Structure formats: structure tokens, C-alpha cells
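The values are calculated or read from the model by the stated rules, or taken from the named source; none is laboratory data. All figures in this text were calculated on a predicted structure; none of them were measured in a lab. Cβ: placed from backbone, ideal geometry, glycine included. Neighbour counts: every protein chain shown.
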Amino acid sequence: MREILKAENLSKDYLINKKKFNVLRNINISINVGDFVSVMGPSGSGKSTLLYNVSGMDKMSSGEVVFQGEKLSELSEKKLSGLRLKKMGFVFQQINLLNNLGILDNIIFPAQMEGSQDRKKVKQRAVALMKKIGIIELAENEITQASGGQLQRAAICRALINEPEILFADEPTGALNSKSAKEVMDVFHTINKEGTTVMIVTHDIRVASHSSRVIFMKDGNIIGEKVLGELKDLDIELKDREGKLSKWLLDLGF
Amino acid sequence: MILKILKHDLLKKKIITFAVFIFIMLSAFLMAGGSNMLITLNDSVDYLFEKALLPHFVQYHSGSIDQVMIQNWSQRNENVKRQQNSEMINIPGSKIFINSQQAEVDTVMDLSFVRQNESFDFLLNLNNQIISIDQGEIAVPIYYRQRRNLVPGDNVVIKNEQFEMNFIIKEFVRDAQMNPSVISSKRFVVNNTDFEKMKNQIGKTEYLISFQLNDPARISEFTNQYSQSGLPQKGPAVDYKIFKLFNSLTDGLIAAVVILISLLLNIIALLCLRFIILLTIEEDYKEIGVMKGIGIAASDIRKIYLSKYIFIALTGTIGGFLIYLPARKLFLKNIILFTGEAPKSILQLILPLLTALTIAAVVIVFSIIILRRFNKISPVEAIRLGINAKSYFNKNSFSLSKNNFLNANVFLGLRDVLMRFKLFIILFVVFILTTFIIIVPLNFLNTIKSSEFVRYMGIAESDIIMDLRYTEGIQDRFEQIKTYLANDPDVLEQGAFVTSRYRIINQEGLVENIYIQTGDFSKFNVDYLAGQSPAQANEIALSYLSSSELNKNIGDKVQIIIEEERREMIVTGIYQDITNGGRSAKANLPADYQNASWYNIYINLNSDIAEKINEYEALFDNTKIIDQEGYLAQTLGDTIEQLNILTIAAIIIAGVVIFLITSLFLKTLIARDKAQIAIMKSIGTSIEAIKIQYITKALFVLIFAIFIGTITANILGEQLLTIILSFLGASRIEIIINPIRSYLLSPLIMILIVVSTTLLSINSIKKISLADIKVE
Ligand SMILES: Nc1ncnc2c1ncn2[C@@H]1O[C@H](COP(=O)(O)OP(=O)(O)OP(=O)(O)O)[C@@H](O)[C@H]1O
Ligand SMILES: [Mg+2]
């Protein structure tokens, strides 16, 4: 198995009123190509912070993150943003679309920034993604003309437009009803099958049961990991995996 | 909540709010200064004229006069209040040495030595007292004090081969008639005894036949009476209107420019204010909506903001006025020097305060109008959307997905400007104004400096101009020079012209004087506004001022009295002339030596001009020999120099304004766009890419503005220059543009300033991080 991402003694602290808050404490984690990792844990345990730090979006306080053999702490700002643009996709908890662009423009924005792609093909890909995720009718809309769930799905399309090697998603289904949530998880499942590594933060056991590994965080530490193995058949295995997972989580006090 | 919003508003926009304050302050400062200049100028000129007992009509005359005849005529004329004949000794500049330096070698100035007048037309000192001079002392025109940095105690020597006389400067002459540098005569005051000693030893004698009238309004009637009186008139005649115009021209223009700059600054302040208010509305849209939702009236919310802007307007204006008070003298320095200080009038104290307060009033009214938009915010919409989604353009018609060619960052920059043009208006208008501020003086300067400009002055283009004024035996000398030149192999061509005084029948059928230049106009011609030069003996061309005063156009007939007979002549052309008061004519008549006032010979050379001038100067006595460039330098030198300084100042001011506004605007814009920038960065957009977006915005606005600014500057600038010069007798000035400076260098400088300012101001993009997203 080839490793794509590794965190070694990753720590992050914030200074608030001259008091240090350790939000991440010596995190060690290794993710292989093709993994589907879920991060769970109570609110405030540092899940989002972990995603921000392993994706190089935020500066870690100490430790190291290695992405495809490159130490993030040694990369320039320019290299880092290049990595995020081309090799990583990110779905934010707070959606974070650009509010002066329309929905379609938001989705193709990263591709145009990347610059080397044929613009017609990018548009075709964007349309295909929107179809798959069920928001094609919103293509021409402003972001003020869509619901929270629709915007969440547009943000997922944006994260996928550059065909990233790893997709980070922070509560991608938080704002969705169960039907839309299922559609989104189906998409994640498919791209994972096609070889994209996925790392998602979720509170939802049904969502987590799609993944191959589940990590549990508390107070900035990883306090447990459950390996579920590859999900082969969505319809048959899901119920069973959910059961195993909830038992494990109960033991951890979730 | 209201307090919270206000605090937020002030903190977030503290720099630009401070800038508004400064702009209002400067605007009020300059407005007070400029209006004070105007009122003081008016008062001082009037006061100076009163103290000096300025004549209403002055006839210059070279040659002898019959005092008794003039006195008798004056006593019989009911218009005349007082009459006086003053003798002047006209000495060439090359024979006058100030602090052992020659005064001016080939000067266009007529330098005259006089004694103090007895009954009016007094020559005053810098305290507006009538100068009285002891033997060996001299009073020198202010013009030279300025040019040579003279102080009392410096010495003046006049000498020629047989005669020499030394003077110590006692004080400086404030000459109500001849102060301005545009007037080409200057008077030195000496003691009566010294004057008598000089007479017949050096220079030539000239007379000023001056009149004060009972009713100055009847000046044109009197001018007519004098011209028909048969009294001496070998020389130009001038009247008090010209004195007043010329005395006020330079400082009046400067005051106008100061007021103009004040207005420009005020416009910039208003634009900044509008920008702040728009941003406030955009940012606090939600809060304002919520306040409305919980039942606070829009007018109450508005009052809170308004009170803030009223406070800024009033403190700014009062601040500006307070700085103006001690700086007052600075504005008035030149006026006080040249025209002296009149007793303070109430208006001088009140007017500056009033004009400064109008600045505050304008700002307040403007804020009230803009704040009306608060009414339009609907609570439901505001709470639901949070952002003000209105835009002039349909966003979809300018969508990133339809952009097939442009670089995405450039496209996003352009798109943002078009979408949020309201925000960018401040930048746009400021760039237009600054383009204007740079281009107009640049074009003026280039026009006045260009060799073609002499044609507007009524002078034909040539290498050397000889100017002979009336003296004994002048006619013979004129002929001698012509013959000499005809035999000089270095002379390519020469054209000789005699200007004589004729009488012409004016619109009301009255007889008037007119100077007609006679000669062969096929060579050394001036530019014609319309028509062409006279060729036949019954043809005449009129200067622009003559033609408009006589109300004659091309093809019209005028009647001239030649050898006591009326002769009808056809107007064939109209030309511009700003020499000798601008009223002249040209005709192909035989020279009338009897009434000749001056003679000109124009020469084109095929050898070194300076050498030739030296040669001719040694050969021909009593002849002004000037090269055309020197002529320009002396008559327009001061103006060009002032304009040069003005142009440099304009470029610096414009540069500073561009720098200030661009950086203020971008800093504020970046602060406003923080969350969006943070999102872009987090999904992998590089800092460089975002910088390109912002540079595109600034440059797009700039280039668009330069385009519009340059066009308006070319159109309005030409009209502006025409208005100014039409006072002097040129009705149509074609702006001569130096394309490299106006169309290449100045836009390039602006682009350079904008790009570097933009780069400097948007450096904070680097520091924007993930945490900034959460602010939204
Ligand atoms: N910029 C910041 N400055 C200071 N403290 C921060 C900052 N961002 C996060 N924190 C703190 O770090 C801790 C972890 O936050 P984080 O957002 O990672 O939690 P989370 O596990 O994602 O929670 P949730 O499930 O609610 O999204 C919290 O206590 C939070 O208050
Ligand atoms: Mg979170």
C-alpha cells in the first residue's frame, strides 16, 4: 500500500489572551492511497483543525505533515497553494462559496485558476458533476438563490472539479436531508472506488459506515481507530457496518 | 446595537474616514485662501490706483511736445479733470548696469528714467507712499527686485561712451501703470537734478501725456476726441481698463487655480464619503435590516450616521479655516508685493469664513442625499440574504463559464469592476480628474513653448526681428539698414514693415485711431483665423480684436482716412494679435513715414543668429534687435516659467492624490473582501493570482479614466486656454500636443504609480488566513 498522507506528532495551539490552547496534541496518522477515512468526535475536539492542518491550509505549531513524500513545513506558500489547488479537494463545514460568483462559476473557479485545462472540457465536467449530485437545475443561479443543502452540494462539486487525489470534507452532509445525504455519500463512494482518497469529518454513523477506517478524536487527541475494511457492496454491507460502528462508539463514550 | 455599528464603522474605515477629514480640511483651507486672494486683489488694486491717482488715459509720444497747446485743449475739453505731461528718458538695457551687471542686453522692455510726477500718476514705494528721491539715489521697479534679488543699497550705473552716472538704490517702485511683467515698459525714479543732468547725455526723451477724467466711464468718447485733436500721438495710447486687467491677471489666475484645486479636493472628499457610506450599507445591510425589523425607524438610523458625517464636515472645515488664519499672508505675498495692502475690509474677514463653510454645507447636503438609501433596505430581504445582491449587470451574461479567452484572474478583475462599479466610481472619477490635472498644464506649456505660438502673438516667424521706434532721422536709418541687409550674403530674406497710425470710421460713424502695418505681406506672414493677407491696394486685414470691435468681417468694407481722404477698403482676412493691446490692421499701402510709429524688419538667416545679432547691434544704433526665441523668452518667459512650475506641481499633486486614493481604496476594498480572499486562498488560489485580480481592477479603471480624462482635457483645455488668452486678443488657440508626453509618458507615469501603489496596498493579502473566513 502506498502512503499518500502522514502526520507525525502534529500539534496545533492557539494563543487566546496569552493563554495557550492545545487544540491538536501530537497527532500521528498515516493515510494510504485509496483509503476512506472518517473522523468522528465531540464538538470542539479538533476535527476541523486536523483537516486544515493536514491539508496545509493552516500552519501547524509543531510536528510534520508529509503529503506524497513532501514535507509541508518545508514548502513555500506558493507550492502549498498549488498542492491544494491541483491535488486536494476541500469541502468546508461553513460551505464558503464565493458570493460574487454564480453557482456554476464557483464550481469551475478552481479549474480556471489551475489554468492549463481546456475550458470547454471543464464546463462539461462541471455539468456532469452537478447532474450526478442533483443540482444541475441551479447552474445559472446566484448563490443567494439556493438553499443551504444545495450550496453544500455545489461546494462538493467545486472540490471535485480538479479531480483531486485526496478529498477532505468537513461535515459534507450536515445540512442535508437523508435523501440528499445518501446521494452525496454515493458520489464519495464512487470517486473513492475510482481511486481518490477521502478524508471526511462527520457526526453521522451512517455516513461514517461508508469508510474503510474511522478515527475518533477527543480534546485534540486521537483516542481510537476502527478499521471497517473496504466497502464492496453498498446495499448489503452498510447495515452491518453501522451496527459494528455504533457499538464501538458507545464503548468510547460517544 | 447602534453604537456597535458606529464603532465598527469607524474602526474598520478609520484610515479613509481620516482621509475624508483631511480632504475637507485642505479644501476649506484653500477655499478660504483663494477667496481671500480674490477679494484682497480687488481691494488692493483699487487702493493702489487711488493712492497713485492713476491716469485714465495715457498717450506715449516720442518727439517734442507743445505744452501750451495741450493745456489749452485740455481746458476746453469738459471731460478732462487733470492733465499732466511727464518727461521720460528712455535708455537701452545695454547701457544700464545693476550691481555691475548689464541690466538686459536685448531687452523688449522699454526702460525709462523719470522724476516723480507733480499732480497725479504717482510712483509709490512698497508702503504705498509717494516716492521722493535725493540726488544720487534711485528707485527701481519691483520687477527687477524680483529678477535680481535686489536690496536697498545696491547700485545702478548708467553709462555710454561719454557719460556715466552712479546711483544707490533707495527703494522700489510700485508703479500702478507698469507693474505687471506683461507690460513692456518700466519706470526708474531719480532726483530732478540728476534727471536734468542725464537729459541729452544718454538715451532719448519720450513723453507721457496723461489725463484724468471727470467721469472714467466716458473713456471711449475721450479717446476719440483726443485722436482727432491733432495733439502729439507718436506712440501707443493706453487706458485704465488695460491697467486694471493686467494688474489683476496673474494673481487672479492663481486665485482661480487655488479655488479650482479646492473644489477638486472637495469632490474627492465627497467621493470618499460616498464610498464609505456605500460600504457601510453593504456591510451593515443585515444589521440595519434587523434594526428596522425590530421597529427602529429608518430616519433614526440615518440620523446616527448623519451626525457622524456632520461632525467630520464641521471639524474639517473649522480646522481648515484655523490653519488658513496664520497662513493667510502666504497666499497674499505676491499681491501685497506688487499691489500693496489696502486697509482691511469687513468682507476680507468674512468672505473666507463663508466660502469655507460652504464646503461643510456641500458635504452635509451630499451625505443627506446618499444616506437616503437607508430607506430602501427591506428588513426581510436583509435578514434572509445578508448581502446586497443588486448589480447593474446581469451576472450570468458576464460569467466565468463563458470566458473562453481571457486569463481567469484578469477576467475576474474586469468582472468585479463591472459588477460593483458603484464602489469603483471613486477611483474612476479621481483618475479622470488627475489625468485632467496633468494633461491640461502639460498641453498649455507645450503650446506656449512651441515656435508656432508666436503666430498667435501677431508676429511672423523669422530668425531676427528688428524694432525701430521713432527718433530723429529714423527714416534714413531704416533705409540704411535695409540696404545693408540687402547686401549681406548671410541674409536669406528680409521683410520691412512700417506701422503708422491711421484713422478709421468705426461702427458709430466716429473716427478712431488704428495702427496699420504696411508692407509686402507675401513673405513673413502671420496665421490667419479666416481669409488671407491683403494683396491689392484696397484690401485690409484686421486683427481679431479690431474686427470684433469694428464689427467687420471678411468681405465687409471699412473706411480709412488716408491723406485726408476717405478710402473704402475690403476686409480680406482676420488674424490674431496679442501685441500692443491686440488692436491692429495690415494693409498693402505705401508707407506713411509722416505718421509712422514703429518700423520692423524681419530677417531669415543662413548663418549663426547670435553672431549676427552682435554684429547688427554694433552697427545700428537705437534699434532693438531680438531673436525670436529671445523675444518669446522675454515676453512669455515669466509665463512659461510659472507654467513650468505649475506643471511640475500639478504632476506631483496628481501623483500624490493617485497614490493616496488608490492605496486608501484598495486597503478598504481588501478589508471588505477579506472573507472572499480567504476562501480563494484556502482552496488553493495563489497570492500572485489574487494580486493579478486586484491589479487588473485598478488598471482597468485607470485606463478607462485616462482615456476619458485625456479627451476632456483636450477639449476643455483648449477652451480654457482660449478664454484666458482672449483677454489679450487671441480668440482661437490650437492646443499643440506633444504626443510623447501627453499620450505616452503621462499615462505611463500614472500606470506606474497605480501599479506600484496597488502592489504596496494589497500586500496584506499575504496575511489573510482561514480565520478571516469566519468573520463573515
Ligand atoms: N482560530 C481559532 N482561534 C482560537 N481557537 C480556535 C480557532 N479555531 C478553533 N479553535 C478552537 O479549537 C478547538 C477545536 O475546534 P474545531 O473547529 O477543530 O472543532 P471541531 O471538532 O471541528 O468541532 P465541530 O464538530 O463543532 O465542528 C475549539 O475549542 C475551538 O474553540
Ligand atoms: Mg468542525
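Data table
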{"item": "Pair list, Cβ < 9 Å and 6+ apart or interchain, from the stretch A:153-170 residues that are within 12 Å of chain B (Cβ to nearest Cβ) and closer than 9 Å to A:Phe92 by Cα to residues that are polar (S, T, N, Q) and within 16 Å of ligand 2 (Cβ to nearest atom)", "result": "A:Ala155/A:Asn96; A:Phe168/A:Ser55; A:Asp170/A:Ser48; A:Asp170/A:Gln93; A:Asp170/A:Gln94; A:Asp170/A:Thr202"}
{"item": "Selected residue (only one of B:Phe222, B:Phe275, B:Phe321, B:Phe246 is under 23 Å from B:Phe424 (Cα atoms), of a type outside the set (Asp, Glu), in contact (Cβ under 8 Å) with a residue 60 or more places away in the chain and out of contact with any Lys or Arg (no Cβ under 7 Å at 6 or more places or on another chain))", "result": "B:Phe275"}
{"item": "Pick from the stretch A:32-44, criterion on the phi < 0 side of the Ramachandran plot and buried (at least 22 other Cβ atoms within 10 Å of the Cβ), ranking: farthest from ligand 2 (Cβ to nearest atom)", "result": "A:Phe36"}
{"item": "Every residue from the stretch A:160-171 that is within 22 Å of A:Gly46 (Cα to Cα) and more than 16 Å from ligand 1 (Cβ to nearest atom)", "result": "A:Ile166, A:Leu167"}
{"item": "Candidates A:Ala139, A:Ala128, filtered to the one that is facing another protein chain (nearest Cβ under 10 Å) and within 20 Å of B:Asn404 (Cβ to Cβ)", "result": "A:Ala139"}
{"item": "Matching option when the condition is more than 9 Å from every other protein chain (Cβ to nearest Cβ) and either within 19 Å of B:Gly684 (Cβ to Cβ) or within 15 Å of ligand 1 (Cβ to nearest atom) (or both), among A:Leu85, A:Leu80, A:Leu5", "result": "A:Leu5"}
{"item": "Failed item in (1) away from chain B (no Cβ under 13 Å); (2) within 12 Å of ligand 1 (Cβ to nearest atom); (3) of a type outside the set (Gly, Ala, Ser), with A:Tyr14 passing the rest", "result": "(1)"}
{"item": "From B:Ser742, B:Ser731, residue being surrounded by fewer than 19 Cβ atoms within 10 Å (Cβ to Cβ) and at pLDDT below 90", "result": "B:Ser731"}
{"item": "Residue check for A:Ser116: small (Gly, Ala, Ser), under 21 Å from B:Asn404 (Cβ atoms) and within 13 Å of chain B (Cβ to nearest Cβ)", "result": "yes"}
{"item": "Listing of strands (runs of 3 or more DSSP E) fully contained in the stretch B:537-610 that carry 3 or more residues being closer than 28 Å to B:Ile464 by Cα and at pLDDT 85 or above", "result": "B:539-543, B:565-575, B:585-587, B:596-605"}
{"item": "Members of the stretch A:219-237 found to be at pLDDT below 90 and either crowded, with 17+ Cβ neighbours inside 10 Å or within 16 Å of ligand 2 (Cβ to nearest atom) (or both), listed by number", "result": "A:Leu228, A:Leu231"}
{"item": "Evaluation of B:Thr685 against (1) of a type outside the set (A, V, I, L, M, F, W, C); (2) part of a helix (DSSP H, G or I); (3) in contact with a Ser or Thr (Cβ under 7 Å, 6 or more places away or on another chain) (one fails), failing number", "result": "(2)"}
{"item": "Count of the stretch B:707-721 residues which are in contact (Cβ under 8 Å) with a residue 24 or more places away in the chain and either aromatic (Phe, Trp, Tyr) or surrounded by fewer than 19 Cβ atoms within 10 Å (Cβ to Cβ) (or both)", "result": "5"}
{"item": "Checking B:Asn191 against (1) closer than 30 Å to B:Lys81 by Cα; (2) surrounded by fewer than 18 Cβ atoms within 10 Å (Cβ to Cβ), the condition it does not meet", "result": "(2)"}
{"item": "Out of A:Val39, A:Val65, sole residue that is within 12 Å of ligand 1 (Cβ to nearest atom) and at pLDDT 95 or above", "result": "A:Val39"}
{"item": "Pair list, Cβ under 7 Å, 6 or more apart: the stretch A:184-212 residue in contact (Cβ under 8 Å) with a residue 12 or more places away in the chain and assigned to a strand (DSSP E or B), other residue within 16 Å of ligand 1 (Cβ to nearest atom) and of a type in the set (Lys, Arg)", "result": "A:Val201/A:Lys47"}
{"item": "Filtered residues of the stretch A:1-28 (kept if free of Cβ contacts under 8 Å to residues at least 12 places away in the same chain and in a strand (DSSP E or B))", "result": "A:Tyr14, A:Leu15, A:Ile16, A:Lys19, A:Lys20, A:Phe21"}
{"item": "Filtered residues of the stretch A:101-113 (kept if under 21 Å from A:Leu80 (Cβ atoms) and either in contact with a His (Cβ under 7 Å, 6 or more places away or on another chain) or more than 7 Å from chain B (Cβ to nearest Cβ) (or both))", "result": "A:Ala111"}
{"item": "Options A:Lys71, A:Lys59, A:Lys19, A:Lys47: the member that is basic (Lys, Arg), surrounded by 21 or more Cβ atoms within 10 Å (Cβ to Cβ) and either within 16 Å of ligand 1 (Cβ to nearest atom) or more than 14 Å from every other protein chain (Cβ to nearest Cβ) (or both)", "result": "A:Lys47"}
{"item": "Residues located in the stretch A:88-100, provided they are crowded, with 23+ Cβ neighbours inside 10 Å and either in contact with an Asp or Glu (Cβ under 8 Å, 6 or more places away or on another chain) or at the interface with chain B (Cβ under 7 Å from one of its Cβ atoms) (or both)", "result": "A:Met88, A:Phe90, A:Val91, A:Phe92, A:Asn96"}
{"item": "Filter result for B:Ser533 (modelled with pLDDT of 80 or more, buried (at least 18 other Cβ atoms within 10 Å of the Cβ), of a type in the set (S, T, N, Q) and part of a loop (DSSP other than H, G, I, E, B))", "result": "yes"}
{"item": "Counted residues, the stretch B:687-714 - those being of a type in the set (Phe, Trp, Tyr) and under 30 Å from A:Gly82 (Cβ atoms)", "result": "2"}
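Condition check ((1) farther than 29 Å from B:Gly509 by Cα; (2) part of a loop (DSSP other than H, G, I, E, B); (3) touching a Pro at 6+ places or on another chain (Cβ under 9 Å); (4) in the same structural domain as B:Val80 (by TED's automatic domain parsing)) across all residues:
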residue: B:Lys170; (1), (2), (3), (4): yes, no, yes, yes
residue: B:Gln201; (1), (2), (3), (4): yes, yes, no, yes
residue: B:Ser210; (1), (2), (3), (4): no, no, yes, yes
residue: B:Asn224; (1), (2), (3), (4): no, no, no, yes
